[in-house]
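The values are calculated or read from the model by the stated rules, or taken from the named source; none is laboratory data. Here the structure is a predicted model, which is why all the values come from computation and not from measurement. Cβ sites come from the backbone with ideal geometry, for glycine too, and all protein chains shown count toward neighbours. For the accessible areas, the whole protein counts, side chains as well, though only heavy atoms, and no ligand, DNA or RNA atoms are used. Shrake-Rupley method; radii C 1.70, N 1.55, O 1.52, S 1.80 Å.
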Amino acid sequence: DGRLTFYPGNQTVKLPFINLMKRYGTVFLNAYTNSPICCPSRAAMWSGLFTHLTESWNNFKGLNPDYVTWMDLMEKHGYRTQKYGKLDYASGHHSVSNRVEAWTRDVDFLLRQEGRPMVNLTGDRKRVRVMEKDWQNTDKAVNWIKEEAINLTQPFVLYLGLNLPHPYPSPYAGENFGASTFLTSPYWLEKVTYEAIKIPKWSSLSEMHPVDYYSSYTKNCTGQFTKQEVRNIRAFYYAMCAETDAMLGEIISALRDTGLLKDTIVIFTADHGELAMEHRQFYKMSMYEGSSHVPLLVMGPGVKQQQQISNVVSLVDIYPTMLDIARIPAPQNLSGYSLIPLLRGKAENEVSPGKPRPSWVLSEFHGCNVNSSTYMLRTGKWKYIAYSDGLSVLPQLFDLSDDPDELTNVAIKFPVIAHSLDKMLRSIVDYPKVSSSVHEYNKKQFISWKESLGQNYSNVIANLRWHQDWLKDPKKYENAIEKWL
């Protein structure tokens with residue numbers, strides 16, 4: 001969650017290496033994902049293109065595997081490149097459940113698709129390495145710096161993708177996994193200041209925006225939660241962020257120990273945030289700040305120190321920024337803009353000629369746990385969220401300066417602003433048309449999947465993650481699918 005990298009969020013948990021990057025570099029106060037879910041978000045970051053251009057619609061359909069990423073271009077221009085850990089930007093890495101849930105979100109049914117969010121404390125005060133796989137990848141990256149990077153005569157670019165901080169599957173079997181356990185050890189939990197944890201305010205279920213209600217229901221969050229449960233989920237999430245920070249620290253320390261730090265630009269960001277029970281949801285897939293607002297910190301040669309940038313930026317800006325660092329000409333079709341002028345502390349009017357950076361960012365979502373294509377435009381103090389064709393589902397408008405927790409939809413109160421933001425959004429993306437093509441894609445994919453199973457279809461679909469609800473009345477849900485088809 002990007003808000004943890006600056007005040008007041010950074011009061012809740014000790015993140016020493018994030019703070020070090022702030023001291024010796026620049027922090028972006030308003031950085032956003034272009035799609036709040038793993039695969040489509042990474043597709044945008046690696047391609048420099050908005051989601052409606054990559055057509056990376058869900059966690060199964062990512063970027064075309066032969067797409068030329070910024071790393072490919074840097075390699076072509078003489079950089080030594082290395083990738084470790086979670087990449088997740090090409091297609092096909094997620095479960096059948098993820099896929100089917102995304103494809104059937106237009107079906108008229110409501111089924112819980114996740115286990116109820118919970119916490120799990122493991123080990124004792126000495127247990128530092130909770131997320132073993134992430135630590136193994138961090139070790140590989142550290143060894144690469146110490147054994148390979150130090151001896152290179154050419155410049156290098158190293159990518160490390162962590163799974164943390166991410167809730168883990170609840171203890172069900174196979175496809176029925178619900179990724180909803182926040183896992184940490186006492187060692188990391190001690191880095192969290194419980195008194196500073198804010199308990200989010202919730203609207204009553206009857207007052208929720210219909211899309212929010214659907215998300216909350218499918219995420220198994222519409223039941224009763226005590227304040228203590230909510231506080232614990234948030235605390236465990238922050239503890240997982242502290243463990244992530246320690247991995248960042250390993251990389252910075254390796255660069256420092258080898259003498260490479262002074263010549264290396266370090267960028268820290270994330271594919272999406274975590275709602276951690278804000279708006280009665282956990283996980284991501286939402287345009288609320290907890291889910292769509294990502295961290296972005298940069299330090300290194302030429303980057304202004306102790307700088308906070310309030311301009312809105314997004315992950316598509318990484319592509320042109322990387323090419324700018326390497327002095328490689330950027331392709332003309334990119335959705336993003338180089339961050340280098342901002343990082344150097346230049347005023348907008350000093351920025352090199354070319355297209356001026358827009359005053360807005362775009363995020364969109366077309367995947368599971370949300371029953372409508374969603375589009376978010378953030379500009380100035382406003383966040384405008386449009387759904388589907390713009391008519392069948394009412395939009396939301398939030399004034400983030402007045403209402404940072406996004407509890408009051410003011411779209412009806414400020415119709416002129418809502419209308420002008422909608423017009424602006426439509427000039428960037430013909431969103432009713434995109435929603436319609438996603439709708440068609442979902443149906444087509446589902447039909448071919450269903451046909452590939454033949455007679456076995458009912459049995460397979462009944463045992464996906466929604467099995468608890470589905471098995472109560474399978475005929476009803478099968479009929480709903482038939483009606484949709």
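In the list 151, 163, which residue meets the criterion of being out of contact with any Pro (no Cβ under 9 Å at 6 or more places or on another chain), without any contact (Cβ under 8 Å) to a residue 60 or more places away in the chain and open to solvent by 10 Å² or more (accessible area, probe 1.4 Å)?
151
Has the range 241-249 got any residue that is under 22 Å from the mean Cα position of the chain (by Cα), part of a helix (DSSP H, G or I), within 30 Å of residue 469 (Cβ to Cβ) and of a type in the set (S, T, N, Q)?
Looking for residues that are under 22 Å from the mean Cα position of the chain (by Cα), part of a helix (DSSP H, G or I), within 30 Å of residue 469 (Cβ to Cβ) and of a type in the set (S, T, N, Q), one finds none in the range 241-249, hence no.
Which one of the conditions (1) touching a residue at least 60 places away in the same chain (Cβ under 8 Å); (2) surrounded by fewer than 23 Cβ atoms within 10 Å (Cβ to Cβ) does residue 103 fail to meet, given that it meets all the rest?
(2)
Within the range 282-309, how many residues turn out to be of a type in the set (A, V, I, L, M, F, W, C) and part of a strand (DSSP E or B)?
6
Taking the range 465-485 only, how many residues are touching a helix residue (DSSP H, G or I) at 6+ places or on another chain (Cβ under 9 Å), aliphatic (A, V, I, L, M) and open to solvent by less than 30 Å² (accessible area, probe 1.4 Å)?
Counting residues in the range 465-485 that are touching a helix residue (DSSP H, G or I) at 6+ places or on another chain (Cβ under 9 Å), aliphatic (A, V, I, L, M) and open to solvent by less than 30 Å² (accessible area, probe 1.4 Å) gives 1.
Could you please find all residues in the range 5-21 being over 18 Å from residue 250 (Cβ atoms), touching a Ser or Thr at 6+ places or on another chain (Cβ under 7 Å) and part of a helix (DSSP H, G or I)?
11
Could you list, in sequence order, all residues of the range 256-281 that are part of a helix (DSSP H, G or I) and more than 26 Å from residue 168 (Cα to Cα)?
If the condition is that a residue be part of a helix (DSSP H, G or I) and more than 26 Å from residue 168 (Cα to Cα), then 256, 257, 261, 262, 263 are the ones that fit.
Kindly provide the set of residues from the range 308-325 that are more than 20 Å from the chain's Cα centre (by Cα) and charged (D, E, K, R), ordered by number.
324
If residue 253 satisfies every condition in (1) in contact with a His (Cβ under 9 Å, 6 or more places away or on another chain); (2) surrounded by fewer than 21 Cβ atoms within 10 Å (Cβ to Cβ); (3) not in a loop (DSSP other than H, G, I, E, B) but one, which is the exception?
It fails just one condition, (1).
Just checking: which of the helices (runs of 4 or more DSSP H) contained wholly in the range 380-464 hold 3 or more residues that are open to solvent by 60 Å² or more (accessible area, probe 1.4 Å), over 16 Å from residue 360 (Cβ atoms) and polar (S, T, N, Q)?
431-453
Would you pick out the residues in the range 443-485 that are of a type in the set (D, E, K, R), within 28 Å of residue 116 (Cβ to Cβ) and free of Cβ contacts under 8 Å to residues at least 12 places away in the same chain?
472, 473, 475
For residue 336, indicate whether it is in contact with a Pro (Cβ under 7 Å, 6 or more places away or on another chain) and not in a helix (DSSP H, G or I).
For residue 336, the condition - in contact with a Pro (Cβ under 7 Å, 6 or more places away or on another chain) and not in a helix (DSSP H, G or I) - is met.
Residues of the range 341-379 being among the aliphatic types (A, V, I, L, M) and either open to solvent by 20 Å² or more (accessible area, probe 1.4 Å) or modelled with pLDDT under 85 (or both), which ones?
Those that are among the aliphatic types (A, V, I, L, M) and either open to solvent by 20 Å² or more (accessible area, probe 1.4 Å) or modelled with pLDDT under 85 (or both): 347, 351.
Would you check if there is a residue in the range 432-440 being at pLDDT below 95 and in contact with a Gly (Cβ under 9 Å, 6 or more places away or on another chain)?
No, the range 432-440 contains no residue that is at pLDDT below 95 and in contact with a Gly (Cβ under 9 Å, 6 or more places away or on another chain).
If you take the residues in the range 465-475 that are of a type in the set (D, E, K, R) and in a helix (DSSP H, G or I), which one is farthest from the chain's Cα centre (by Cα)?
Restricting to residues being of a type in the set (D, E, K, R) and in a helix (DSSP H, G or I), the top hit is 475.
Here is a yes/no grid of residues against (1) in contact with a Gly (Cβ under 7 Å, 6 or more places away or on another chain); (2) farther than 22 Å from residue 187 by Cβ; (3) charged (D, E, K, R):
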residue	(1), (2), (3)
65	no, yes, no
89	yes, yes, no
96	no, yes, no
104	no, yes, no
123	no, no, no
126	no, no, yes
132	no, no, yes
137	yes, no, no
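Considering each of 244, 218 in turn, give the residue that is surrounded by 21 or more Cβ atoms within 10 Å (Cβ to Cβ), of a type in the set (Val, Ile, Thr) and closer than 30 Å to residue 386 by Cα.
It is 218.
Of all residues in the range 217-228 being in a helix (DSSP H, G or I) and touching a residue at least 24 places away in the same chain (Cβ under 8 Å), which is farthest from the chain's Cα centre (by Cα)?
Here the answer is 227.
Count, please, the residues in the range 273-304 that happen to be on the phi < 0 side of the Ramachandran plot and either within 16 Å of the chain's Cα centre (by Cα) or modelled with pLDDT under 95 (or both).
The number of residues fulfilling the criteria is 19.
Tell me which helices (runs of 4 or more DSSP H) are completely within the range 37-119 and hold 3 or more residues being in contact with a strand residue (DSSP E or B) (Cβ under 8 Å, 6 or more places away or on another chain), or say none if there are none.
Correct list: 38-47, 51-54, 70-76.
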